[in-house]
Amino acid sequence: MSQVQEPHANIMASLYADSPFLAALTRYAKTEARSRLFGNVVRSLTRAEIVCLETHNNHCSDWNLIAVAPNFTPDLIFGCFFSGECVMGSLHGAYRLLPCGILLPAGIYNARIHACEIGNGCHIHNVTAMRNVIVDHGATLAHVGMFSCRGETTFSNGSIVDVGIESGGRPVAICADLTIALAHTVAIRRHDYQLLEAYDTWIKTYCVRAKLDYSIVGAGALVCNTASLCDVYIDPGVSIDGATGIDTATILSSEAEPTIISHGALVRASCIGAGCEISDMAIVDRTLLTEHVHVTRHAKVTQSIVGANTHIAEGEITASLVGPFVGFHHQALLIAAMWPEGKGNVAYGANVGSNHTGKAPDQEIFCGEGTFFGLDTCIKFPADLTGSPYTIIASGVTTLAQRLEFPFSLINSPAVAFDGVPAGYNELFPAWMLSENMYALKRNEEKFRSRNKARRTPIATDIFRPSIIELMRSARDRLAAVTEVHDWYSHEQIGGIGANFITDETRVRALNTYHFYIEFYVLNALLKRYDSLAAKGATPDETIVYGSEAGNSLWLFERSILIAENLTNTSIADHFIRLIAMHREVAETIHASKKRDDIRGKKIIGERYDAHIIARNDPVVIQSENVASTIISHIEALLAKRC
């Protein structure tokens, strides 16, 4: 395996070794013992117990096939029919409170049970038929229709999901422990045969361990008011209430991260991570939801892989790989999208789904981190927006097929008509989010930090980080490379503009904005470097601060930017003075971007706007000003010491 592939091999090995799901399945694996829950510590029914069971209107074709745990008593079993080899534990236990507020006593009531095992303290009420199901200790089945296992199943682990190209070309075999990063790598690197072979071997080994011949209801789990379940693994902590049906699925959960499937939801051929919610007639089909994903209000997610903290409501996602923190709260469409970094938004009426050319549905879009598809946008495929993270496509805009490489941009309908601009081209405003909407970026960062519930997925919450800074530098340099000034430019004069145009006034403003925030990033890095060295007892002069540090990859990157931007010829004191001014300017920019909304809102709706939080009271504005004030005070103290 090549050096490039080694990190992915390590990831695969760790996912396999550290999987709580696979570890849990070993408890239910085939065994020579009579019971998978109790081992050989079971016995046959006594004659007195059989008489008691029959007195309670229970029936069995052969009571000799029934085994029970040592503390078993038959007094909590009524109106049931048993067949095949069954095992029952001690059924005495506390009442179980259902989500509707009804208390259920422990025991088995009105159920048809074939070849099942039922643990201690379970609550089995009104089950039409159960076949090949293990109900672990303390679990509850109430008002359930057909619940079975057809035979050997992997609970949808190993199922193939075609992401990106809906007609096939980027197949990913999913499993309950698959990460967005690994899934994206497998989907993208289709010519890396060593990687694909390694992944194929890994997933097959995973599926061998995930294979079982029983459906599982984990200890303490709840399943009620659900018509049909088949080939299902249900983790402890799962709550299924009023689902339409669940067929071939792994559903993970924990006490701290309960997974909820309710109110008419339908799940088929899918793996569901811990902390997820599927409700309100939502459909999840041939899909992996990683962790803390919400699919609600009639949403449809089909043949997709979805990252942590993403909320999908009412809309449709098909054949897509969607990363964390994507907001999808209204009727909209996302098809054939590769969006591993996520953190964006799909607004009402957005049509990100022009994947069919009339020949075949074989086109796709590569979205950038933080992309915002505005109201009623129409995005033509193919498209590559990965080079323009945190870009907004304004309401009602139709974009042509294109590759865009300008971070923090706005794409809008042209405000002024220019002679020669090709039909269908939109106006591009590079760096617009930085100059005009910095408030939104700071709000996003805070949202990513405060709302992140993912425990298994590392999520970068800082927007300004090396990969994005490099995109900003490339964009700035392309804007600066213009040698002949025009009223407007297309991709023929400036690479990476895509099917858009920019004016010269916009070009100059964007160039300066990119330059400002690149410098802002690197001077903040310089301050952290200075503080780190001072904390270690070093005397932070220019030679030491600007010096290299083996093993510190982040500082090596930041130092390379300092050198490339010709900033190492300036004194640290001068940089700190500059940084004070920059922090003040950024705080003022954030305040101003929010205040513009206040001015416009007050002008349009008058006193009724008083219900809104105005800029000076806004938490994001206040926090930004407080952070700036703290850093400025710190820098001023450092400057005082150096003088």
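Miscellaneous remarks
- Yes/no for L45 being in contact with a Ser or Thr (Cβ under 9 Å, 6 or more places away or on another chain), more than 30 Å from G264 (Cα to Cα) and modelled with pLDDT of 95 or more: no
- Among the residues listed as A394, A415, the single one being in contact with a Leu (Cβ under 9 Å, 6 or more places away or on another chain) and either closer than 28 Å to N512 by Cβ or open to solvent by less than 10 Å² (accessible area, probe 1.4 Å) (or both): A394
- Here R36 fulfils each of the conditions (1) within 41 Å of the chain's Cα centre (by Cα); (2) farther than 15 Å from L141 by Cβ; (3) open to solvent by 50 Å² or more (accessible area, probe 1.4 Å) apart from (3).
Okay, residues lined up against (1) touching a residue at least 12 places away in the same chain (Cβ under 8 Å); (2) more than 25 Å from Y28 (Cβ to Cβ); (3) surrounded by 13 or more Cβ atoms within 10 Å (Cβ to Cβ):
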| residue | (1), (2), (3) |
| --- | --- |
| V42 | yes, no, yes |
| I50 | yes, yes, yes |
| C60 | yes, no, yes |
| A67 | yes, no, yes |
| N71 | yes, no, no |
| I77 | yes, no, yes |
| G84 | yes, no, yes |
| L91 | yes, no, yes |
| A94 | yes, no, no |
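- Annotation for the stretch 175-198: at least one member residue is over 24 Å from E364 (Cβ atoms), in contact with an Asp or Glu (Cβ under 9 Å, 6 or more places away or on another chain) and touching a residue at least 40 places away in the same chain (Cβ under 8 Å).
- Condition check for A111: out of contact with any helix residue (DSSP H, G or I) (no Cβ under 7 Å at 6 or more places or on another chain) and open to solvent by less than 20 Å² (accessible area, probe 1.4 Å): yes
- The listed residues are R449, R455, and the only one of them that is open to solvent by 10 Å² or more (accessible area, probe 1.4 Å), free of Cβ contacts under 8 Å to residues at least 60 places away in the same chain and farther than 20 Å from W339 by Cβ turns out to be R449.
- Exclusive hit being over 33 Å from the mean Cα position of the chain (by Cα), at pLDDT 95 or above and over 23 Å from G368 (Cβ atoms), set D531, D504, D477, D541: D504
- Scanning the stretch 364-379 for residues that are touching a residue at least 40 places away in the same chain (Cβ under 8 Å) and either surrounded by fewer than 17 Cβ atoms within 10 Å (Cβ to Cβ) or out of contact with any helix residue (DSSP H, G or I) (no Cβ under 9 Å at 6 or more places or on another chain) (or both) yields a total of 2.
- The criterion of being open to solvent by less than 60 Å² (accessible area, probe 1.4 Å), among the aromatic types (F, W, Y) and over 36 Å from the mean Cα position of the chain (by Cα) holds for Y489.
- 2 or more residues under 24 Å from K447 (Cβ atoms) and open to solvent by 80 Å² or more (accessible area, probe 1.4 Å): qualifying helices (runs of 4 or more DSSP H) within the stretch 552-643: 572-605, 619-642
- Residue satisfying condition, being hydrophobic (A, V, I, L, M, F, W, C), out of contact with any Pro (no Cβ under 9 Å at 6 or more places or on another chain) and farther than 21 Å from L182 by Cβ, within set I335, I261, I272: I261
- Residue check: F328 meets all listed conditions (1) out of contact with any Phe, Trp or Tyr (no Cβ under 9 Å at 6 or more places or on another chain); (2) over 14 Å from A308 (Cα atoms) but one, namely (2).
The values are calculated or read from the model by the stated rules, or taken from the named source; none is laboratory data. Note that the structure is a prediction, hence the values are computed from the model and not measured. Positions of Cβ are generated from backbone atoms using ideal geometry, with glycine treated the same way; all protein chains shown enter the neighbour counts. Accessible surface is based on the protein model in full, side chains and every heavy atom, while ligands, DNA and RNA are left aside. Shrake-Rupley method; radii C 1.70, N 1.55, O 1.52, S 1.80 Å.
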